[in-house]
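The values are calculated or read from the model by the stated rules, or taken from the named source; none is laboratory data. A quick note: this is a predicted structure, and the numbers were derived from the prediction, not measured. Here the Cβ positions follow ideal geometry from the backbone for every residue, glycine too, while neighbour counts run over all protein chains shown.
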Amino acid sequence: MRSFCIFLSLCVALASIGQEKPAFLQGHQGPRIGFGMATQSNGQLFGNTANLLLGPVIGWHFEAPLHPQVSLMPEILWMTKGFTVRNPAQGTRVRSTFRHLEVPIGVKVSTDKAADGLYLLLGPSFSYFLNDRYQY
């Protein structure tokens with residue numbers, strides 16, 4: 001919980017930047033809030049979808065234009081990943097959750113000059129494991 005409070009403080013601090021923005025923040029910036037779904041499969045593609053585990057995704061993104069059709073898009077995301085496994089024969093259920101601080105650094109390349117046109121997003125994503133929780 002301490003890590004989440006630190007992360008939330010960082011997001012609030014970045015959101016409160018005044019009118020005078022640094023050069024790398026001249027583009028768009030804003031919050032990312034949503035849910036991610038995860039499951040564990042038995043080796044088949046989409047073989048087990050009954051045990052989906054919803055997890056929150058909270059973060060902040062930046063978009064710094066490098067060229068009219070190329071932008072740098074770093075993000076910082078606090079996310080929960082995990083899975084639920086049920087064993088009907090024994091009547092048990094195991095739930096595992098993993099909290100990560102994820103930092104994807106993408107390069108957004110627009111395929112046309114329209115502002116809302118099709119674009120490609122390429123780049124690495126770095127993840128820092130914060131904590132885990134197992135429920136039996």
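Results for (1) touching a residue at least 24 places away in the same chain (Cβ under 8 Å); (2) within 21 Å of residue 31 (Cα to Cα), shown as yes or no for each residue.
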| residue | (1), (2) |
| --- | --- |
| 71 | yes, yes |
| 77 | yes, yes |
| 80 | yes, yes |
| 88 | no, no |
| 91 | no, no |
| 94 | yes, no |
| 101 | yes, yes |
| 121 | yes, yes |
| 133 | yes, no |
Quickly run through segment 79-112 and pick out the residues that are among the basic types (Lys, Arg) and either modelled with pLDDT under 80 or closer than 26 Å to residue 130 by Cα (or both). 81, 86, 93, 95, 99
Tell me, which residue of segment 55-101 that is under 19 Å from residue 34 (Cα atoms) and of a type in the set (A, V, I, L, M) is farthest from the chain's Cα centre (by Cα)? 73
